[in-house]
Amino acid sequence: MKRKICVVAAVFASSLFLTACGSKEYLKDIKAEKYVTLGTYTGIEATVNKPEVPEGAVENYIQDNYLASKAEKVPVTDRAVQEGDVANIDFVGYHDGVAFDGGTGAGFDLTIGSGRFIEGFEEGLIGANIGDTRSLNLTFPDPYTNPDLAGEDVVFEVTVNGISESKAPELTDELVKQLGEEGYNTGGAQTAQELSDYVYSLYNQSVQSAYDNEIESALASDIMANSTFQDPPEEMVDRFITSIENNMSARASSLGMSLVQYMQLYQGLDEAGYRTLFDEEGVRMAKQYIMYQAIADKEGLAPTEEEIAGEVSALMTVYGYASEEELQKSVDMESLKEDLMRKKVVAFLKENGNIHETAAAAD
């Protein structure tokens, strides 16, 4: 289930943007009632976690995104390497006894626990003192950006030249102003409290979005289970599959990976596996949107011209389009209308459902 949620979560937004497929079929081209016989869709029960910003999340975000870059390194001479330290190291990696390309470095500052090196490397330096040399027997992940090393056993010879602690400055009003002047995204904050409030609002938006998605998933799953479907149009299914694949490919590309590598590493699926998943999700999403359309038809929930214009204006602002004509070159207007319809239907289902909140489990 987690795999499916991961794949689908971002598709509603990404599907608005034009895909590379040719002919497409939209909800406007069909009569939804021919593809679905609705069951009960009001009074649906759903139990979800209460939306709460995790304790310490704001402070950790400020530390990682604002203060860490301003931290000073303070030399440590009276103890061994520990988690969070910056270890200055020389290293050479050997594969079958031969040093391999890209596996050598000198005077490299490595934050222990940063995850910059392969699993076991940073952990293997904990407890080492200045001047110590350690042999680390490790295995590269599979897949890996260098296919010649994927899944291969290697040995790293690592010497610790020095140890330092990273000391972050205190968050002050003066520092917040400086961060804004240097181009950091502070939301226009001028004081430490304003920055904390801004970060909290970002987290709150994210938490609320996850909460809304959880409710929608619970309601839609229940309604779909009590409805009867005919096979959705093939072209409509293909459209959703393409949106899913484009979204996941973009995620992979942002990490410097191919789609195959990304899906193997993060989803544990080979190409045949994720193709099957994409196909299943394409069918499910087509059915779900047809179901939404059928409810919209019954309840009079079609988006109005004013609502469509408002959504277009919002997208122009968010993505910086100079005109509606420019936006329409990259935004699929029919998908935009379908998504507006979805939002109205989901709001109706929430208003007419029974939503129960539970406290989120502590980590």
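The values are calculated or read from the model by the stated rules, or taken from the named source; none is laboratory data. It should be emphasised that the depicted structure is a prediction, and the values quoted were computed from it without experimental measurement. Reconstructed Cβ throughout: ideal geometry from the backbone, glycine too, with neighbour counts over all protein chains shown. Heavy atoms of the whole protein, side chains included, go into the accessibility calculation; ligands, DNA and RNA do not. Shrake-Rupley method; radii C 1.70, N 1.55, O 1.52, S 1.80 Å.
All Cα-Cα separations within segment 303-363 were binned at 5 Å from zero, giving a P(r) of 4, 15, 20, 17, 12, 9, 9, 9, 5, 1, each value a whole percent of the pairs.
Checking the table LYS287/LYS329; LYS298/LYS329; LYS329/LYS350; LYS28/LYS298; LYS31/LYS298; LYS298/LYS337 against a 22 Å threshold on Cα-Cα, which pairs fail? Intermediate values should be presented prior to the final figure.
On the way: LYS287/LYS329 28 Å; LYS298/LYS329 33 Å; LYS329/LYS350 34 Å; LYS28/LYS298 15 Å; LYS31/LYS298 12 Å; LYS298/LYS337 17 Å.
Exceeds cut-off: LYS287/LYS329; LYS298/LYS329; LYS329/LYS350.
Note on TYR200: accessible area is roughly 110 Å² with a 1.4 Å probe, heavy atoms of protein only.
If you take the Cα Rg of segment 222-363 and divide it by 2.2 N^0.38 Å, with N the number of residues, what do you get? Provide the component values of the computation, followed by the final result.
Numbers: Rg = 18.2 Å, N = 142, 2.2 N^0.38 = 14.5 Å.
Against the empirical 2.2 N^0.38 Å value, I get 1.26 for segment 222-363.
Every helix of 4 or more DSSP H residues in the chain counts as -39500 (n - 2.57), and over all residues that averages to -14000 deg cm²/dmol at 222 nm. For a modelled paramagnetic label at ASN161, 7 Å from Cα along Cα-to-Cβ, the residues of segment 102-132 in reach, with backbone nitrogen under 11 Å, are 105-110.
Could you tell me the distance between the Cα centroids of segment 246-271 and segment 153-182, to the nearest Å? After rounding, the separation between the Cα centres reads 30 Å.
Name the shape class, rounded, prolate or oblate, that the alpha-carbon gyration tensor gives for segment 132-283, where a ≥ b ≥ c are the square roots of its eigenvalues, rounded holds for a/c under 1.5, and otherwise prolate holds if a/b is larger than b/c and oblate otherwise.
Working: a/c = 2.87, a/b = 1.22, b/c = 2.36.
Verdict is oblate for segment 132-283.
Among ALA128, ALA286, ALA296, the largest mean-square fluctuation in a Gaussian network model of the chain, built with springs joining Cα atoms closer than 10 Å, belongs to ALA128.
May I ask you to give the solvent-accessible area per residue for the chain, in square angstrom, as obtained with a 1.4 angstrom probe? Can you show the working numbers first?
Numbers: 19680 Å² over 363 residues.
The answer is 54 Å² per residue.
Can you put PHE108, PHE121 in order of accessible area, largest first, using a 1.4 Å probe?
On the way: PHE108 55, PHE121 0 Å².
I get PHE108, PHE121, largest accessible area first.
Would you please give the FRET efficiency between GLU33 and GLU55, computed as 1/(1 + (r/R0)^6) with r the Cβ-Cβ distance and R0 = 56 Å, to the nearest 0.05?
Details: r = 48 Å, r/R0 = 0.86.
My answer for the efficiency is 0.70.
How big is the Kirkwood radius of the chain, worked out from every pair of different alpha carbons and given in Å to one decimal? It would help to have the intermediate numbers written out before the result.
Numbers: mean 1/r = 0.0405 Å⁻¹.
That comes to 24.7 Å for the chain.
Using DSSP to call loops (not H, G, I, E or B), can you name the GluC sites (Glu not before Pro) in segment 138-207 whose Cβ has at most 10 other Cβ atoms within 10 angstrom?
Numbers: sites: GLU152, GLU157, GLU165, GLU170, GLU174, GLU181, GLU182, GLU194; in loops: GLU152, GLU170, GLU182.
Those satisfying the criteria are GLU170, GLU182.
The alpha carbon convex hull volume per residue for segment 238-284 rounds to 58 Å³. In the chain, the longest principal axis of the Cα atoms and the axis of helix 333-351 are about 80 degrees apart. Taking label positions 7 Å along the Cα-Cβ direction at both GLN230 and ASN213, the computed distance is 3.3 nm, reported to one decimal.
Rounded to the nearest 0.05, what FRET efficiency do VAL98 and GLN190 have when you use their Cβ-Cβ distance and R0 = 35 Å? Display every interim value, and only then the final one.
Details: r = 57 Å, r/R0 = 1.63.
About 0.05, to the nearest 0.05.
Measuring nothing but protein heavy atoms, the accessible surface of segment 49-143 at 1.4 Å probe radius is 45 percent carbon and sulfur. Taking every DSSP beta bridge that has both ends in the chain, the antiparallel portion is near 85%. Largest accessible area first, the listed residues HIS95, HIS356 line up as HIS356, HIS95 when surface is computed with a 1.4 Å probe on the assembled protein chains.
Protein heavy-atom surface of segment 144-302, 1.4 angstrom probe: 44% of the accessible area is carbon and sulfur, with nucleic acids and ligands not counted. Taking a ≥ b ≥ c as the square roots of the eigenvalues of the Cα gyration tensor, segment 145-217 is classed as oblate, since a/c reaches at least 1.5 and a/b does not exceed b/c. For the chain, find the longest principal axis of its Cα atoms and tell me its angle to the long axis of helix 305-319, 0 to 90°, nearest 10. Orientation of helix 305-319: about 10 degrees from the principal axis. Compared with the alpha-carbon gap, the fully stretched path from GLU45 to ASP148 is longer by 31.8 nm at 0.36 nm per residue.
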